[in-house]
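Right, one structure below, let's go through it.
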Amino acid sequence: MNDKTPVIQAKNLDLTFQTNDGPIHALKDVSLDIMKGDFVSFIGPSGCGKTTFLRVIAALEEPTGGSVTVNGMTPDEARRARAYGYVFQAAGLYPWRTIEGNIRLPLEIMDFSKSEMRERIDRVLQLVDLEGFGKKFPWQLSGGMQQRASIARALAFDADILLMDEPFGALDEIVRDHLNEQLLRLWDKTHKTIGFVTHSIPEAVYLSTRIVVMSPRPGRITDVIENTLPRDRPLDIRDTPEFLEIAHRVREGLRAGHAYED
Amino acid sequence: MMRNILSILTVVAAIIGLWYLLCIPMNMHEATQQAQRAGAEVTPATASERLQLGGIALAVQNPTLWPGAFGQDRPRLPSPDQVVAELWNTTGAMVLSGRSMTKRSLVFHGWITLSATLLGFVFGTGLGIILAVGIVHSRAMDMSVMPWAIASQTIPILALAPMIIVVLNSVGLQGLIPKAIISAYLSFFPVVVGMVKGLRAPGMMQLDLMRTYNATRGQTLWKLRLPASMPYLFASLKIGISASLIGAIVGELPTGAVRGLGARMLTGSYYGQTIQIWSALFAAAILAALLVGTIGLIQRRTLKRMGMQP
């Protein structure tokens, strides 16, 4: 399925934050290749550096050691080339813009033509099932719909890479299931490479082709689990023995990294 | 709604009632003087004795003379009806008789003050926004401008206004512009403070989002910081416009007091025309209320158009 060219390559990545309470090792010796078309989940307890790693890839943080390339460029060059779309934990829609206006925001910044904007807005609204809501303001939509709109915003300018930082973390489980299903379909349609931070084991197993297990103090990768589930995944696949087996391995990985200790 | 109107009216009625009541002791000396001249019985009988007494004591000893405390030509405290009548005579009545732009008309004086207020408000707001944008974008400006802006507001404007007028007059500027500059001097400050806070209102996440789009600082300012600062801007504008009006009035005092609401107050005090002072005062208050109300209206319209939750 994947044509096995690495899109994101991290080698011996280190990141130490200097704080008033002394240095904090957010990332230590992190090496990982993410292939084109992969759906990679990062899972681990808080403080394990999963969000920091995503932010390093997005050039929102500067690593203090090691190297990382995105599409063969440095993260900052990739950012300038608008190589990725980023979805934050909160939808972060601008309250003064309609849903359409919010999706248009990156397109305006990137100087797309009016007709191109129109066409792209319609396409991504359809992709996230929000047709007919374009003229609404964010506060008129539910939390799940707002998060879908923020995904549409990240998709609008057609970056090959989608980085998602616990995008469904603040939503209830029913909405979350629904959005997981939609995200898989969307990934299948768009063939994007997705980096996805989560702290939910079922979510990670259900969505990913690979699951990266991380542990804290210092933040590091303890295990990388290949997901053997077929690409076509109905929601009830989560009750199959294969699914539970992989979930069990993730849990084992977390335990091995002392994730459950204080 | 009805309950609100009722309670507002109750408060207004109480204030007016208190005002009428205050008129009695305030104007009692003049009232006893006039009554004595007209041949009435007054206690105590001589003016020098009465001067030893306070207004309240005099009022208590001469309850029959209370009506004389109202309707005097030059009362210490004019009654509300006198002020309203003077207001009407110098505004509405003059408009009706086609003399609204003569020197006795408050419409004329109000317009003089209003034009300086508005011009100063535009100057001040513009300056305030420009300074705020600079402060938010440059650390050097952040460190250097803010202390000066604060220091500028600690100098009493009454001390500064004559100097501004004199200095500008020596370079040939007089009339509208110096007053507008004093207005601007007072009104830029709330705008700076409000806009710095407003422009910094977007959180880390929203700024990070702009960074992932590789947006320029200009685009971040225009598409994120400025729209996010709108509620703060309007709050500042309301303070700014009333400060502008005060600046314009203060600016009229040292110019020899020829035109404007400030001039009316000053000539009123020269000639002991309390009714004139009070009506100019009320004209200024009404003007301020109208200006602040107009900004509130624009605020409601704008924020509604921006989809802010009602």
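Selection of segment A:204-216 for residues being crowded, with 23+ Cβ neighbours inside 10 Å, out of contact with any Cys (no Cβ under 6 Å at 6 or more places or on another chain) and not aromatic (Phe, Trp, Tyr) yields A:ALA204, A:VAL205, A:LEU207, A:SER208, A:ILE211, A:VAL212, A:VAL213. For the subset of segment A:99-129 comprising residues that are farther than 12 Å from A:ARG153 by Cα and not in a helix (DSSP H, G or I), which member is farthest from the other protein chains (Cβ to nearest Cβ)? Checked segment A:99-129; the qualifying residue farthest from the other protein chains (Cβ to nearest Cβ) is A:ASP129.
Residues that are assigned to a helix (DSSP H, G or I), of a type in the set (Ser, Thr, Tyr) and free of Cβ contacts under 8 Å to residues at least 24 places away in the same chain within segment B:258-307 comprise B:THR267, B:SER269, B:TYR270, B:THR294, listed in sequence order. Checked against (1) more than 10 Å from every other protein chain (Cβ to nearest Cβ); (2) out of contact with any Pro (no Cβ under 6 Å at 6 or more places or on another chain); (3) farther than 19 Å from B:PRO227 by Cα, A:GLN146 passes all but condition (2).
When segment A:149-173 is limited to residues that are within 17 Å of A:ARG55 (Cα to Cα) and at the interface with chain B (Cβ under 10 Å from one of its Cβ atoms), the one that is surrounded by the fewest Cβ atoms within 10 Å (Cβ to Cβ) turns out to be A:ALA159.
Of all the residues in segment B:133-187, those that are surrounded by fewer than 14 Cβ atoms within 10 Å (Cβ to Cβ) and among the basic types (Lys, Arg) number 1.
Among the residues of segment A:78-95, those identified as in a loop (DSSP other than H, G, I, E, B) and either touching a residue at least 12 places away in the same chain (Cβ under 8 Å) or surrounded by 24 or more Cβ atoms within 10 Å (Cβ to Cβ) (or both) are A:ARG82, A:ALA83, A:PHE88, A:GLN89, A:ALA90, A:ALA91, A:GLY92, A:LEU93, A:TYR94, A:PRO95.
Exactly one residue out of A:LEU60, A:LEU15 is in the same structural domain as A:ILE211 (by TED's automatic domain parsing), of a type in the set (A, V, I, L, M, F, W, C) and without any contact (Cβ under 8 Å) to a residue 40 or more places away in the chain, and it is A:LEU60.
Residue count for segment B:18-52, restricted to those that are closer than 22 Å to B:PRO78 by Cβ and not in a helix (DSSP H, G or I): 1.
Screening segment A:130-143 for residues that are touching a helix residue (DSSP H, G or I) at 6+ places or on another chain (Cβ under 8 Å) and within 14 Å of chain B (Cβ to nearest Cβ) and picking the one that is surrounded by the fewest Cβ atoms within 10 Å (Cβ to Cβ) gives A:LYS135.
Is it fair to say B:LEU291 is within 14 Å of another protein chain (Cβ to nearest Cβ) and out of contact with any Pro (no Cβ under 7 Å at 6 or more places or on another chain)? So B:LEU291 fails the test.
Each residue in segment A:78-91 was checked for being out of contact with any strand residue (DSSP E or B) (no Cβ under 7 Å at 6 or more places or on another chain), more than 7 Å from every other protein chain (Cβ to nearest Cβ) and closer than 20 Å to A:THR190 by Cα, and 0 pass. Being closer than 22 Å to A:VAL7 by Cβ and not polar (S, T, N, Q) is the requirement here; does A:GLU166 meet it? It is true that A:GLU166 is closer than 22 Å to A:VAL7 by Cβ and not polar (S, T, N, Q). For segment A:38-58, the set of residues classified as part of a loop (DSSP other than H, G, I, E, B) and not hydrophobic (A, V, I, L, M, F, W, C) consists of A:ASP38, A:GLY44, A:PRO45, A:SER46, A:GLY47, A:GLY49, listed by residue number. Across segment A:59-77, the qualifying residues are those that are part of a strand (DSSP E or B) and surrounded by fewer than 17 Cβ atoms within 10 Å (Cβ to Cβ), and the one among them that is nearest to the other protein chains (Cβ to nearest Cβ) is A:MET73. The residue of segment A:32-58 that is nearest to the other protein chains (Cβ to nearest Cβ), among those that are farther than 16 Å from A:GLU203 by Cβ and among the β-branched types (Val, Ile, Thr), is A:ILE57.
The values are calculated or read from the model by the stated rules, or taken from the named source; none is laboratory data. Quantities reported herein were computed from a predicted structural model and do not represent experimental measurements. Note that we place each Cβ from the backbone using ideal geometry, even for glycine, and neighbour counts take in every protein chain shown.
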